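The values are calculated or read from the model by the stated rules, or taken from the named source; none is laboratory data. All values reported here derive from a predicted model rather than from experimental measurement. FYI the Cβ positions are ideal-geometry reconstructions off the backbone, even for glycines, and counts take in every protein chain you see.
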Amino acid sequence: MNALRHGLRAQKVVLPNENPEEFDQIHAGLQAQYQPQTQAEQFLVDQAAIAQWKLVRAEVFEASYYAEEPSAKARAAIFDRVTQITGRLERAYFKAYKELERIKIAREKEPEQSKEDETPAKFQVTVVNPSTGATEVLYRAENGKPVKEFSNAPPSPTPPH
């Protein structure tokens with residue numbers, strides 16, 4: 001089995017020498033911010049949290065490696081590799097972030113769109129004369145405002161002769 005050098009390709013999210021509460025804090029923050037409602041949205045939140053966690057890990061590794069390795073050639077090699085890995089992690093994070101933001105904005109717009117799409121609320125008070133069967137409209141309102149006639153409403157029924 002290979003020794004763990006930097007953990008940037010580790011299958012476990014939190015490594016033995018890391019604090020799981022710190023990862024949980026990042027994950028909980030993203031959960032609260034985006035409130036995933038589907039399995040796909042939860043996957044995006046998880047991916048963003050993992051990418052953010054591994055970006056921090058890469059910074060810690062790079063700093064510790066530079067402290068241990070005095071050779072400029074070795075530092076340049078590790079800088080090149082860490083730069084590649086952090087670039088991938090940043091792309092993964094921002095891809096998930098952009099999609100989560102798009103979902104969040106669409107979700108915020110849903111109530112506005114559904115209000116616009118609703119038919120107007122109509123209310124009418126009528127009285128029926130029991131002896132003749134004739135109806136008389138006493139009051140009409142559309143969306144809480146009194147109106148004389150409803151928009152696109154059929155004409156009032158005429159009393160029978």
Q) Somewhere in the range 83-95, is a residue in the same structural domain as ILE50 (by TED's automatic domain parsing), assigned to a helix (DSSP H, G or I), modelled with pLDDT of 90 or more and acidic (Asp, Glu)? A) yes
Q. For residues in the range 49-59 being of a type in the set (A, V, I, L, M) and touching a His at 6+ places or on another chain (Cβ under 9 Å), which is farthest from PRO36 (Cα to Cα)?
A. ALA58
Q: Filter the range 45-54 for residues that are within 14 Å of LYS95 (Cβ to Cβ) and crowded, with 17+ Cβ neighbours inside 10 Å and give the result.
A: VAL45, GLN47, ALA48, ALA49, ILE50, ALA51, GLN52
Q: Residue by residue through the range 27-44, note down the ones that are of a type outside the set (D, E, K, R) and crowded, with 16+ Cβ neighbours inside 10 Å.
A: HIS27, LEU30, TYR34, PRO36, LEU44
Q. Does PRO159 qualify as being more than 27 Å from TRP53 (Cβ to Cβ), modelled with pLDDT under 80 and not assigned by TED's automatic domain parsing to the domain that holds PHE61?
A. yes
(Q) Could you go through the range 142-155 and let me know if any residue there is within 41 Å of the chain's Cα centre (by Cα), outside any loop (DSSP other than H, G, I, E, B), modelled with pLDDT of 75 or more and of a type outside the set (Val, Ile, Thr). (A) no
